[in-house]
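The values are calculated or read from the model by the stated rules, or taken from the named source; none is laboratory data. Just so you know, these numbers come straight off a predicted model, no measurement behind them. Neighbour counts are summed over all protein chains in view; Cβ atoms, including those assigned to glycine, are modelled from backbone coordinates with ideal geometry.
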Amino acid sequence: METTITFKPAGKTFKVRPGTTVLLAAQQNRIHIPTRCSGMASCLMCKIQVEAEHAAALSAATQAERRKLGPLLQKGIRLACQAKIDGQAVVSLPEDRLKTVVRKLLEAQQNEDDSLW
């Protein structure tokens, strides 16, 4: 059985072996997902978003995910180090923190410039 994973917002799709974690698939394809714990579900840095229609393409939440994420699981948040790909998966990666800060600064600057006119 062939499985694929698509990473949003980049829109890049890759073929992977069934049972591959989302984190490993990302690393093998040069998609950056931050992590510190080497896949032990302890740092919680590798959170990803999975839309409801694609939830079945990933394995069921592990005990570690249920314990660490709690109600976030109901919102489609998973840990990339724990979620295994079982079908045609589509996941969304959060915006990098540095990019978020820069984007907000640029937006504030733009608003300030607009108010001058």
For region 66-78, state whether one or more residues are in a loop (DSSP other than H, G, I, E, B) and modelled with pLDDT under 95. no
Pick from region 75-102, criterion exposed (fewer than 12 other Cβ atoms within 10 Å of the Cβ) and more than 15 Å from the chain's Cα centre (by Cα), ranking: farthest from ALA52 (Cα to Cα): VAL102
Can you find even one residue in region 80-89 that is out of contact with any Lys or Arg (no Cβ under 6 Å at 6 or more places or on another chain) and farther than 21 Å from GLU2 by Cα? no
